[in-house]
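The values are calculated or read from the model by the stated rules, or taken from the named source; none is laboratory data. Every value quoted in this text rests on a predicted model; they were computed, and no experiment measured them. So basically every Cβ, Gly included, is an ideal-geometry build from the backbone, and we count neighbours across all protein chains shown. For accessibility, only protein heavy atoms count, side chains too; no ligands or nucleic acids. Shrake-Rupley method; radii C 1.70, N 1.55, O 1.52, S 1.80 Å.
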2 protein chains.
Amino acid sequence: MPLGKRADCKNAKYAGIWPSRCANVCDGIQEAFQVGFDFVAVSLNHEKLGTGVPGPHTCIRSDLDLQSQSWTSQVVGIASAASGPAGGEDCMGAGGHECGGESRRSELSAVLEKEFGWASYLGLQAVILPSVASQSEEEMPLVAQAVSQAMMSKTFLQVWVQVPVALDRGEHGRNYDKWHCIRALSNYHQQVRLALVLGEDLPEPSDLDVWTGEPVRSAIVPVSAFKFNAKGYPTLPKGHQNFLRRLFRMGVQVIVRDDALGHRLGADAIKSAQDPENNPLRVYWEYLSFLFRGMEQPTENEAAELDYRDYLQSPLQPLQDHLESATYEVFERDQTKYTTYEEAVYRALLDKFPGGASGGRTPVLMVVGAGRGPLVLASLRASKRAKVGIKVYAVEKNPNAYITLLHLHQKEKWGDTVTIVHQDMRHWNTTERADIMVSELLGSFGDNELSPECLDGAQRFLAEDGVSIPQSYTSYLAPISTSKLHEEIRNLKELKLMETPYVVKLFAHTLLAENQEVFRFDHPNRAEVVDNERFRTLHFERPAGSGPGILHGFAGYFESVLYKDVLLSIRPETHTPNMFSWFPIFFPLARPVYLGCADDGGGRISVHVWRRSARHKVWYEYALASPEVHPLVNPEGRSYAAEL
Amino acid sequence: MPLGKRADCKNAKYAGIWPSRCANVCDGIQEAFQVGFDFVAVSLNHEKLGTGVPGPHTCIRSDLDLQSQSWTSQVVGIASAASGPAGGEDCMGAGGHECGGESRRSELSAVLEKEFGWASYLGLQAVILPSVASQSEEEMPLVAQAVSQAMMSKTFLQVWVQVPVALDRGEHGRNYDKWHCIRALSNYHQQVRLALVLGEDLPEPSDLDVWTGEPVRSAIVPVSAFKFNAKGYPTLPKGHQNFLRRLFRMGVQVIVRDDALGHRLGADAIKSAQDPENNPLRVYWEYLSFLFRGMEQPTENEAAELDYRDYLQSPLQPLQDHLESATYEVFERDQTKYTTYEEAVYRALLDKFPGGASGGRTPVLMVVGAGRGPLVLASLRASKRAKVGIKVYAVEKNPNAYITLLHLHQKEKWGDTVTIVHQDMRHWNTTERADIMVSELLGSFGDNELSPECLDGAQRFLAEDGVSIPQSYTSYLAPISTSKLHEEIRNLKELKLMETPYVVKLFAHTLLAENQEVFRFDHPNRAEVVDNERFRTLHFERPAGSGPGILHGFAGYFESVLYKDVLLSIRPETHTPNMFSWFPIFFPLARPVYLGCADDGGGRISVHVWRRSARHKVWYEYALASPEVHPLVNPEGRSYAAEL
């Protein structure tokens, strides 16, 4: 039964059990159900498969044991080498590299091929591979080849590679490299997944960050990792609890592996467990459920953003396309954003017109790109608060939003206070001059919706001492690891879609280094020749001691000065609280890039970034410079450009 | 509210109303809801759009009238030219071609562009275009260009082109050609859809078949098409009823157009309508609901196949791939198929061993490709009925199904009666000779799963006077029109996937001519040199009087003689009743081909078909020869081949 009720943790609510013994699969499932678990992990080592792997053999007789639906939802298979005598803990203890003989290596592929075939025949969702810690580096290519072969033909079968979360950095590096060998050789296939094995001790939380960007599908917690409290009930150390909760949020399913049951279970726990349910495993399921139910509930904003997590959206092109009513509707709900704009206008009015309107002239405020009017409303609120009467021009090129503005004008009885102008701000002819020009043309990367070009065009009718709100904006980049997004982008297949930046609520990702400033724009721009092209090379340094990892692209943010110290930001360090109008932007790399240990030369990530323009369009180009030199992404804007 | 409860008619249960007048859209929707309808069609002609189209203007003031969700689900827009004074019925009456002046033609594109933009801004699901009957041939390219342009940028907006279902063949031809102009110029875009307009009279059912293969999205029934019964209630003629039910089954949504309300409504109907609901439109909705609810329920087989309608499946390759447990499970449910096999074995046993086993020798029956054993079970049943004891060999190459057979052997206590052989039938060495060799290796196109090659390999151990069940099988082809499948296949984008045959439960399609025999195979094949390659040119003749249409590819079927007059068939004319193991196969054409009227040279469709083979594979090639010569599809099996 589910561990608890949550909408945000996908399948994490269904936990599994890897029993120490199982006489037949049907009873095994029944027992698991009684205790609370939703699926069982059982060996695939069937005598009649002819693999030659010695017993114990599987508790599955044939596919007739269960209905096909049950095979798919209630059973995952365990590949033989996981429990066979040639692999396992003994072997790891003996030194890793020396495991097994030549004959085992030559037979490994054959065994996996037969067991993958058998699992696929049964309709299982996944096969759990042996722990990489129990296998040598030399065996990895053989495992990877078998996995790759299975991925070619077994349409639905997933492979979960067991990787221990190691305490020791050297050991972590070796495990990570073995995992990397399997997934890289099988070309980052989206059915190749991680089964993290949590041992008795865990490394520091920062050393666990690496897994957030990786495709973790399940977490195996051996019974031996549990401690027992005064009453004899099993509990996990604080570090385990926190990490499991992080994993739950990522939708990771937990599997309890019964490796030492009964050895240390306290008398009370046994009593409690055996009384109603008659199975000591019940208390482990109850503990997981307790952990799961104890997680903080998502905030209102988080709940609203659930469906957008790691969901790729093409950036808006409000200049080229006319936005739709529903898009305006969503953005207008962001009260924080408009309150911040109101504050900026309020401060500017007070600064420029300290005693109210000067000399009888009514101050002129222009909203350029008025949309359906939210900035007009915010400006009028600011005017009222500042007690400075203003005349407002609302300039909007979208012929449909123009109809809404006319309707609103009537409804709000704006009369002469507000004039609606159906014009592109770059081409409007007026003799009026604005004291304050307000706009909301920023994209997730600041200038990416062409705010610089639009405001340069509009500053003709800004008074000489006029103020632009915003006054400036700056973009930021950070290198990230995100298997999830990499898979999404690869699935798009076309080059054009694989070198486009995407707006995305980054969720399952790891920040590899601190973000750095990229491009900055100031308004008004009084330079003789305005040049909005830019070029920067950024050098990121991963924190000292970082282990190996993988780079999939760069996250982009912006920070904007609306007016003096009134800021608007989506940069993580300075994010305006409770503002949800912008998700970060993601600049993908076509190929994942392996990063070695930071202390071993793998700490630097460098990237070149251009903002380029031609007569009718503006675009970004970028190229990884370190640790590898990659070809230019999006040269000449071949795949993506914002149209002027 | 829905017209009725049906799982098989998609959105057809939601009907719409196109009111004669509407003061404001919000009230219009409320009225429609009260009467029973789920959405309204309203004009898009907004004064402030600046199209210059004269009134009456739309009842929509701005997007603020409704929530964005309501715009999407409860309103469809009507493009101006549909109701403007320059178009409409008057114009059609005046002769079609002469409609409007030069200025109207030059402004048509601009009006459509603005109204499409406005509809998209509001978030409407669809815009209904003017009837093609009200527009001239010369205007069609302008409409098509505007539609095509909208499809480039308006991601979700559909365009529903009004096409009257004409009684007169000449008129039908002209309407069809205008519709074809729009959809062909907009490159068969999947958001370009038909809104069929049903007039007072309808043509013969056979003349309505053409629409089943077309992308019909809605059906507009003007109030003037209704007749009134003795009590004054509106009803539709029998032909309309039948056609509407066909359309309902295709998921088509009906829109009642209020063009003449109250003119002829009977007193009782008015009373009934006005009593509880106070709106005379209620009786029309009730009539639609009556029609909808009166449809025959799908049979059990039809219900089970719902999800497979027009769903493309790659043909199985049981020789190359090992089938999965769940696949066997599905096929084994087809009792009709195995009863038919049982009958064939029974007849063969009686024929060959009329007095029971002869001379003390137990007759030998081999099941080649035994899977999980259903033919073994059927053969044993036949043996019991015929009172002829047999020795059975079950030969199966799939190592996983082999495990199932061993399990079954034990469970069924087969003992010495059945021997399980884990071998590929082409390579098994045995001195035993089969009196009867039973196999189920047929695909939807008969030989496409390589039954000929497998049985040729297995006939080594068929006794000289042995019988093969099946004795022979023949494939059949028919040209079909199916916009739905064409769109599905185009969406696959890759050439490889666009010239592959697919197994598919053909649903929304039109058969353009009778099927013809293609390839035949007999077993055993005692020819000195066995040649399983084939070539045929097929000439199909569309029925005399057929109007214009469109060809998307060919449907394939098979017919098999299991033993003497015991047949197994999926050819429509001879389909074995209640058998569901095989859907037809579909051979697609990359480009749709326009067909002129049959009486005007557009009656013949010719195609060349090859069955070809190389050392390790077998594949089909085909090419349209008439009415156009197309390049060869799948030359050298570059995109699809069955592996030996």
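On average, how much area does the Cα convex hull of the range B:367-492 cover when viewed from any direction, in nm²? Each step should come with its number before you reach the end.
Numbers: hull surface 43.8 nm².
Computed as one quarter of the Cα hull surface, the answer is 10.9 nm².
Report, for the protein assembly as shown, the % of DSSP beta bridges that are antiparallel, rounded to 5. Let's see the in-between values first.
On the way: 104 of 203 bridges.
Bridges in the protein assembly as shown that DSSP calls antiparallel: roughly 50 percent.
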Where nothing but the Cβ of Lys and Arg (+1) and of Asp and Glu (-1) is charged, how large is the charge dipole of the range B:472-643 around its Cα centre, in debye to the nearest 20?
400
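Accessible area lost on pairing B with A, both sides, 1.4 Å probe, Å² to nearest 100?
2800
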Straight-line reach only, C-alpha to C-alpha below 18 angstrom: list the aspartates and glutamates that B:Lys48 could link to, leaving out same-chain residues fewer than 8 apart.
A:Glu324, A:Glu396, A:Asp424, B:Asp63, B:Asp65, B:Glu107, B:Glu113, B:Glu115
The equivalent-ellipsoid semi-axes of the range B:325-440, taken as the square roots of five times the Cα gyration tensor eigenvalues and listed largest first in whole Å, are 22, 17, 12
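Provide a whole-number value for the mean count of partner chain Cβ atoms within 10 Å of the Cβ atoms in peptide B:186-196. Please list the in-between numbers first.
On the way: counts 0, 0, 0, 0, 0, 0, 0, 0, 0, 0, 0.
Taking all residues of B:186-196 together, the mean is 0.
Taking the Cβ of B:Lys5 as the center, what net charge do the other residues with Cβ under 9 Å away carry, scoring Lys and Arg +1 and Asp and Glu -1?
Numbers: positive: B:Arg6, B:Lys13, B:Arg293; negative: none.
Once positives and negatives cancel, what remains is +3.
Please compute the net charge surrounding B:Ser120, taking Lys and Arg as +1 and Asp and Glu as -1 over other residues with Cβ under 15 Å from its Cβ.
Numbers: positive: B:Lys114, B:Lys154; negative: A:Asp321, A:Glu324, A:Glu329, B:Asp63, B:Glu113, B:Glu115.
Result for the neighbourhood of B:Ser120: -4.
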Restricting to Cα pairs below 8 Å that are 6+ residues apart, what does the relative contact order work out to for the range B:10-306? Please round to a whole percent.
18
Share, in percent, of DSSP beta bridges within the range B:10-306 that are antiparallel, nearest 5
5
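Quick check on chain B: what does the Kirkwood estimate of hydrodynamic radius come out to from the alpha carbon pairs, in Å? Could the numbers behind the result be given before it?
Details: mean 1/r = 0.0359 Å⁻¹.
Answer for chain B: a Kirkwood hydrodynamic radius of 27.9 Å.
Using the per-residue mean of other Cβ atoms lying within 10 Å as a proxy for protection, in what order, highest first, do the peptides B:480-488, A:523-531 fall? Walk me through the intermediate numbers first.
Working: B:480-488: 22.7, A:523-531: 11.2.
Highest-to-lowest ranking by the protection proxy: B:480-488, A:523-531.
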So, in nm and shortest first, the distances from A:Arg520 to its counterparts in the other copies, with label points 7 Å along Cα→Cβ, work out as 8.7
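Over the protein assembly as shown, average the accessible area per residue using a 1.4 Å probe and give it in Å², no decimals. Mind showing how you got there, number by number?
Numbers: 53620 Å² over 1288 residues.
Heavy-atom accessible area per residue stands at 42 Å².
Taking 1 over the mean of 1/r across every pair of different Cα atoms in the range B:10-306, what Kirkwood radius in Å do you get? Can you show the working numbers first?
Numbers: mean 1/r = 0.0507 Å⁻¹.
With all distinct Cα pairs of the range B:10-306 included, I get 19.7 Å.
Just the number, please: percent antiparallel of the DSSP beta bridges in the range B:314-447, rounded to the nearest 5. Can you show the working numbers first?
Working: 1 of 15 bridges.
The antiparallel proportion sits near 5 percent.
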If the reach is capped at under 17 angstrom between alpha carbons, list the lysines near A:Lys13, excluding any in the same chain fewer than eight residues apart.
A:Lys5
Summarise the accessible area of the protein assembly as shown (1.4 Å probe, protein heavy atoms) by the percent that is carbon and sulfur.
49
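Count charges around A:Gly556 for me, please; just the other residues with Cβ under 15 Å from its Cβ, Lys/Arg as +1, Asp/Glu as -1. If you can, show how the numbers build up before the last one.
Values: positive: A:Lys505, A:Arg520, A:Arg534, A:Arg536, A:Arg571, A:Arg611; negative: A:Asp447, A:Glu449, A:Glu499, A:Glu514, A:Glu517, A:Glu559, A:Glu573, A:Glu621.
That works out to -2.
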Among the lysines, which have Cα under 21 Å from the Cα of B:Lys178 when same-chain residues fewer than 8 positions away are ignored?
B:Lys484
Inter-copy distances for A:Ser20, nm, shortest first, label points 7 Å along Cα→Cβ, are 8.4
What three numbers, in Å, describe the spread of the alpha carbons of the protein assembly as shown along their principal axes, ordered from the longest?
125, 86, 60
Closest approach to the axis - chain A beta-carbon, rotation onto B, Å
A:Lys493, 4
From the phi angles alone, apply the Karplus equation (6.51, -1.76, 1.60; θ = phi - 60°) to the range A:413-429 and give each ³J(HN,Hα) in whole Hz, x where the residue is Gly or Pro.
6, 6, x, 7, 4, 10, 10, 8, 10, 8, 8, 6, 4, 6, 10, 5, 9
With the label 7 angstrom out along Cα to Cβ, how close does B:Val629 come to the same site in each of the other copies, in nm, nearest first?
5.3
How many partner chain Cβ atoms sit within 10 Å of a residue's Cβ in peptide B:53-64, on average, as a whole number?
3
Evaluated over the range A:472-643, the Cα radius of gyration and Dmax, each in Å:
16.5, 50
With runs of 4+ DSSP H residues as the only contributors, calculate the mean residue ellipticity of chain B at 222 nm using -39,500 (n - 2.57) per run, divided by the residue total and rounded to the nearest 500.
-9000 deg cm²/dmol
Zone of B:Thr299's modelled label, taken as backbone nitrogen in the range B:568-591 under 20 Å from a point 7 Å along Cα→Cβ:
B:568-585
